[in-house]
Amino acid sequence: MAEERICRETIRYLGYREHRPDPQMEKLIAWGIHETEQKSVPAFIVQEFTMELGEKHRVRIGDEAFISQNLSRNLQDCEKVLLLAATLGAQVDRLIQKYSRLDMAKAVILQAAAAAILEEYCDEKNRELQQKAEEQGWYFRPRFSPGYGDFPIDFQKTLLAMLSAQKRIGVTTTESGMLVPVKSVTAVIGMSRRDTKCRLSGCETCGKRDCIYRRSTSVPLENAKEE
Ligand code: SF4
């Protein structure tokens, strides 16, 4: 199952929609997934923090505060959050850099495969955490990463510091806020007592068009209808 999802997502990240890649490309994609998995050293950290939503879309997580309408929406009726960081490790970056010099087409495939493998790894961990949380009556909102919508990308550096991510899994950022290793991700997961049956893959794939917690919508919060 996981391998099927990784293959499907790699094909999607390569821009294929209704068309299937030809057999030669399918072989290259299989090679890219295999090579990336060989070099991957997945690592994941997560920690629970208090949260509070204030006036004018102010969000407080732990001792840190910022403004985000999209994240405020997603965290409505949540009482706490998980902060997470995950990475495939530096070897995957080196593999992609190597092929960026040798064969750009292969480098593009490796990029897509790495994105799909990292996503699958985060989903797997997300499912495990969700199951444990639901046993205690907590329900998750979809992962929400800094830089998404109006959630400030700068919070990425703060999030990594709050998790001591550099010490624990070797993830840090450049001066400009880019994650290092590149194939890494950070996110916030809202925890609520309300079971909204959120989709792991996020609001973009969820049919609840007028859900008040939907993260990507231009409808002003105050106009959104209750489900
Ligand atoms: S739109 Fe769907 S996935 Fe997004 S918050 Fe609402 S129920 Fe959850």
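The values are calculated or read from the model by the stated rules, or taken from the named source; none is laboratory data. Everything numeric in this text was worked out from a predicted model, so none of it was measured. Here Cβ is always computed from backbone atoms with ideal geometry, including for glycine, and neighbour counts include all displayed protein chains. Just the protein is used for accessible areas: all its heavy atoms, side chains included, with ligands, DNA and RNA removed. Shrake-Rupley method; radii C 1.70, N 1.55, O 1.52, S 1.80 Å.
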As an exercise, use a Förster radius of 41 Å and the Cβ-Cβ distance of Ala161 and Asp195 to find the FRET efficiency, rounded to the nearest 0.05. 0.80
Could you work out Rg/(2.2 N^0.38 Å) for the range 1-91, with Rg from alpha carbons only? 1.60
Please report Rg (one decimal) and Dmax (integer) in Å for the Cα set of the chain. 18.4, 55
Calculated FRET value between Arg94 and Arg127, using beta carbons and R₀ = 25 Å, to 0.05: 0.25
Which three lengths, in whole Å and largest first, does the range 103-170 cover when its Cα atoms are put on their principal axes? 50, 29, 26
Under Karplus coefficients 6.51, -1.76 and 1.60, residue-wise ³J(HN,Hα) of the range 7-21 in Hz, glycine/proline x: 5, 4, 5, 4, 4, 5, 5, 7, x, 6, 10, 6, 7, 8, x
Take the eigenvalues of the Cα gyration tensor for the range 61-111, scale each by 5, and report the square roots as semi-axes in whole Å, largest first. 39, 13, 10
Coordinate range along principal axes, alpha carbons of the range 95-227, Å, largest first: 53, 32, 28
Where only protein heavy atoms count, and the probe is 1.4 Å, what is the accessible area per residue for the range 2-205 in Å²? 52
Share of the range 2-205's accessible area from carbon and sulfur, percent, 1.4 Å? 50
What does the highest-first list of 5-18, 123-136, 100-113 look like by mean Cβ count within 10 Å? 100-113, 5-18, 123-136
Would you mind computing Rg(Cα) / (2.2 N^0.38 Å) for the range 96-136, counting N as its residues? 1.78
Total lysine pairs under 24 Å (Cα atoms) in the range 2-205, excluding pairs fewer than 8 apart on one chain: 26
Folded to 0 to 90 degrees: helix 23-39 orientation relative to the chain principal axis, Cα: 70
Near Lys208, which aspartates and glutamates are there with a Cα under 14 Å away, not counting those fewer than 8 places off in the same chain? Asp195, Glu226, Glu227
